[in-house]
Amino acid sequence: MNASTPFATQPSLSPQQFVDKVIGHSETHSAFNNAKTCGFGEAPVNIALSKYWGKRETSLNLPINGSVSISLPGLGTQTELTLSQGEHDQIVLNDTLLEPHVTFAKRLSAFLDFFRPNEHAVFHVDTLNTVPTAAGLASSASGYAALVLALNDLFQWHLSDQKLSLLARLGSGSASRSLFPGFAVWHVGSRTDGMDSFAEAIDTQWPELCVGLLKVDVSEKAVSSTAGMQQTVNTCELYQAWPDKAAKDMELIQQAIANHDFSLLGKTAENNALSMHATMMATWPPIVYWQPESVAAMHAVWALRQQGVEVYFTMDAGPNLKLLFLETQKPAIKQAFAKMQIIQPFK
Ligand code: DP6
């Protein structure tokens, strides 16, 4: 982040010191002695109901605001991890071996650098995504959460959920929330070592709640969320209002979840997403993730609401919509959006 922005903070640990502190690795105690042959991790994607947008510190990946999410069972990442030999990591994504210079592989290897038992160690990573990569369906969230679980399994660390969430956050902010099924809250934290910025589960079931995935375009997005939020923080005047707005929405969403107040949940989530997109559009050069079909789908949602079908949408850094509605509205929603995938996270 541009150090001149009012949100920037100085980290008191390097990322490596942060990782060592979380896994308990020191000069006298190795965290790598009990490695198994193969580690496995599996994690779901999550959708933020009140969004994370902006970092106060990039090396430890510390957010400017907290967020609340819901995980989607059945959609996510499965990762197998082994220690290997060779020049560099071997990263297999959906059965295809990636060239080490592609962005996905470089980001993953840079993250794995924090976890090498020695300087010659390389990893073989076999990762299977059941969501399209970089499609605004948060595959980095399930990806880094699954990878951290695989590391925890491989090295037999038996870390707490809180520690796993801290490590996943370092890989991708939204991954901190993908360790949990159901609802999760990612606390913004205030410490300069980043130790209080982790996610935890919100222990509430909501069986009637439905999430619809309305796919507009699942091709790779032009501006990654990492780059998009950096640009927003650095160049958007409207962004000044975002941290307070995000904090208020986060409270409202948690209240809505606790009281099963669907109208409050939907209204707050939709308004939060549109407010985040407003900050993206007001950066320079402008970032507009929407496509004409995205806007058409928004109008279709608003038209349904006018007809008394209570449905709301949320959107991340991409053109796709995620609809929120209750089970009673399922027939009407299915009729309006025939091809949509519907998930009931608690059923
Ligand atoms: C719009 O977690 O992908 O989906 O921390 O840089 O990896 P990095 O960003 P990422 O950003 C997610 C942004 C969002 C909102 C959200 O999921 O809260």
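Residues that are closer than 30 Å to T279 by Cβ and in a loop (DSSP other than H, G, I, E, B) within region 15-54 comprise K51, Y52, W53, G54, listed in sequence order.
Residue by residue, here is whether (1) in contact with a helix residue (DSSP H, G or I) (Cβ under 9 Å, 6 or more places away or on another chain); (2) surrounded by 20 or more Cβ atoms within 10 Å (Cβ to Cβ); (3) modelled with pLDDT of 95 or more holds:
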position	(1), (2), (3)
P63	yes, yes, yes
S69	yes, yes, yes
N94	no, no, no
T103	no, no, no
K106	no, no, yes
V122	yes, no, yes
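Whenever a residue of region 264-286 is β-branched (V, I, T), its partners that are open to solvent by 50 Å² or more (accessible area, probe 1.4 Å), lying with C-beta atoms within less than 6 angstrom and at least six residues away or across chains, give the pairs T268/L252; T279/L238; T283/T235. Confirm whether L108 is without any contact (Cβ under 8 Å) to a residue 40 or more places away in the chain, in the same structural domain as S69 (by TED's automatic domain parsing) and closer than 14 Å to E80 by Cα. For L108, the condition - without any contact (Cβ under 8 Å) to a residue 40 or more places away in the chain, in the same structural domain as S69 (by TED's automatic domain parsing) and closer than 14 Å to E80 by Cα - is met.
Only one entry in L167, L159 is hydrophobic (A, V, I, L, M, F, W, C), touching a residue at least 24 places away in the same chain (Cβ under 8 Å) and within 16 Å of the ligand (Cβ to nearest atom), namely L167. Taking region 71-81 on its own, how many of its residues are open to solvent by 40 Å² or more (accessible area, probe 1.4 Å) and within 27 Å of F115 (Cα to Cα)? Here the count works out to 2. A residue that is of a type in the set (S, T, Y), more than 27 Å from L265 (Cβ to Cβ), at pLDDT below 95 and in a strand (DSSP E or B) occurs somewhere in region 82-92.
Looking across region 275-305, the residues that are open to solvent by 50 Å² or more (accessible area, probe 1.4 Å) and either assigned to a helix (DSSP H, G or I) or touching a Lys or Arg at 6+ places or on another chain (Cβ under 9 Å) (or both) come down to M281, P292, E293, V295, A296, H299, W302, R305.
When residues in region 234-274 are screened for being in contact with a helix residue (DSSP H, G or I) (Cβ under 6 Å, 6 or more places away or on another chain) and in a helix (DSSP H, G or I), 12 of them pass. Taking S142 as the residue in question, decide whether it is within 14 Å of the ligand (Cβ to nearest atom), under 30 Å from D217 (Cα atoms) and in contact with a Pro (Cβ under 7 Å, 6 or more places away or on another chain). Judged against the criteria, S142 is a match. Applying the criterion of being in a loop (DSSP other than H, G, I, E, B) and open to solvent by less than 20 Å² (accessible area, probe 1.4 Å) to the residues of region 166-188, the residue that is nearest to P44 (Cα to Cα) is S178.
Looking at I343, I287, just one residue is farther than 22 Å from V185 by Cβ and not small (G, A, S), and that residue is I287. For the condition away from the ligand (no atom under 16 Å from the Cβ) and in contact (Cβ under 8 Å) with a residue 40 or more places away in the chain, P73 qualifies. State which residue is nearest to the chain's Cα centre (by Cα) when the search covers only region 209-225 and only residues that are open to solvent by less than 60 Å² (accessible area, probe 1.4 Å) and of a type in the set (S, T, N, Q). By that ranking, first place goes to S225. Against the conditions (1) of a type outside the set (D, E, K, R); (2) crowded, with 17+ Cβ neighbours inside 10 Å; (3) farther than 22 Å from I70 by Cβ, G308 satisfies every one except (2). If a residue must be open to solvent by less than 40 Å² (accessible area, probe 1.4 Å) and hydroxyl-bearing (S, T, Y), how many such residues does region 12-50 contain? Qualifying residue count for the region: 1. Does N61 satisfy the criteria of being closer than 25 Å to Q17 by Cβ and within 16 Å of the ligand (Cβ to nearest atom)? When the stated conditions are applied, N61 passes them. Quick check, is T9 outside the structural domain of L93 (by TED's automatic domain parsing), open to solvent by less than 40 Å² (accessible area, probe 1.4 Å) and either within 13 Å of the ligand (Cβ to nearest atom) or modelled with pLDDT under 95 (or both)? Considered against the rule, which asks whether it is outside the structural domain of L93 (by TED's automatic domain parsing), open to solvent by less than 40 Å² (accessible area, probe 1.4 Å) and either within 13 Å of the ligand (Cβ to nearest atom) or modelled with pLDDT under 95 (or both), T9 comes out as no.
The values are calculated or read from the model by the stated rules, or taken from the named source; none is laboratory data. Predicted, not measured: the structure shown is a model, and the values here were computed from it. In this analysis, Cβ positions are derived from the backbone assuming ideal geometry, glycine residues included, and neighbour counts consider all displayed protein chains. In case anyone asks, the SASA skips ligands and DNA or RNA and just uses the protein heavy atoms, side chains included. Shrake-Rupley method; radii C 1.70, N 1.55, O 1.52, S 1.80 Å.
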